Every structure is written in structure tokens, then in C-alpha cells.
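Here is the structure we will look at.
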């Protein structure tokens, strides 16, 4: 496999995360923290409120998938950075006096190859796909 497969690797990781990200979405809404980042090579999760065992387990599963895929690349091609970003998009046009309601989650995986090129995949999940966790 070659570098051009990195976009597919990134999309696979974003999709896998979106299928298991219910707890991240709940925490983002609960703590009003709209952006979470995970370094998939070091398993560093920011902000610190999200760096808990349950979330590290999911990040570890994603890292395992990524490392398996990286091994398929032709030598000397490699990935030097792998960042997953989760964005909670809020409805700012809600009812006056009420907190804005969550609309969707956007998951972005950016893989940077050894030449510095970024391979980006985006996966969106509508809020109703995540059930009503705003309660």
C-alpha cells in the first residue's frame, strides 16, 4: 500500500470513532467543551476532563487499528502525526433564555505522512443519531 491509502485509513478511524463516541458526545455536552483532541500515536487526550479510562480504551483501540494500517505501507513511507478532533456543534438559534442544543458531532482525523502531507477525513454524526443525551 502507498501514501494515497492514508485518506482511507483516516476515514476508517473517523468512522470507527463515530460509532463508539456516545460518551465523548455526552461529556462534551455536559461540560460545555465543544472540542476534544486525541493524539493517536501518544494517546494524549485534551482537554484533561476527557482523559479518563473509558476514553483511553477507545483511543487505544483506534491506535491499534492505525498501527496495523501503517504497517501495510511500503517502506520507508510512514505516519509522523495522527490527530483526531471531535467538534460538538451547538444550535445558537435556540429559544431565548435556554441553553443552546447540540446539533451534530464532527470527527476529523488528520494523518501526516513522512513528507509532511496531511491526509484528512471528516465524519459527521447528526445529534439524533447520538440519541437525546442533552437530558
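The values are calculated or read from the model by the stated rules, or taken from the named source; none is laboratory data. Quantities reported herein were computed from a predicted structural model and do not represent experimental measurements. Virtual Cβ from ideal backbone geometry, glycine too; neighbours counted across all protein chains shown.
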Subset of region 59-77 [surrounded by 15 or more Cβ atoms within 10 Å (Cβ to Cβ) and either touching a residue at least 40 places away in the same chain (Cβ under 8 Å) or farther than 16 Å from residue 10 by Cα (or both)]: 62, 65, 66, 69, 70, 73, 77
Qualifying residues in region 14-26 (those that are in contact (Cβ under 8 Å) with a residue 24 or more places away in the chain and out of contact with any strand residue (DSSP E or B) (no Cβ under 6 Å at 6 or more places or on another chain)) - the one nearest to residue 82 (Cα to Cα): 16
Every residue from region 31-58 that is outside any loop (DSSP other than H, G, I, E, B) and touching a residue at least 24 places away in the same chain (Cβ under 8 Å): 35, 36, 37, 38, 39, 50, 54, 55, 58
Sole exception among (1) out of contact with any helix residue (DSSP H, G or I) (no Cβ under 9 Å at 6 or more places or on another chain); (2) at pLDDT 90 or above for residue 99, by number: (2)
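Residues are listed down the side, and each one gets a yes or a no for (1) within 14 Å of the chain's Cα centre (by Cα); (2) at pLDDT below 95:
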residue	(1), (2)
20	yes, yes
23	yes, yes
40	yes, no
76	no, yes
79	no, yes
88	yes, yes
104	yes, yes
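Can you find, within region 1-17, the residue that is surrounded by the most Cβ atoms within 10 Å (Cβ to Cβ) among those that are modelled with pLDDT under 85 and part of a helix (DSSP H, G or I)?
Taking region 1-17 first, the residues modelled with pLDDT under 85 are 1-5.
Now restrict to residues that are part of a helix (DSSP H, G or I): 3-5.
Details: 3: 17, 4: 8, 5: 15.
Among those that are modelled with pLDDT under 85 and part of a helix (DSSP H, G or I), it is 3.
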Within region 42-58, tally of residues that are surrounded by 17 or more Cβ atoms within 10 Å (Cβ to Cβ) and modelled with pLDDT of 95 or more: 1
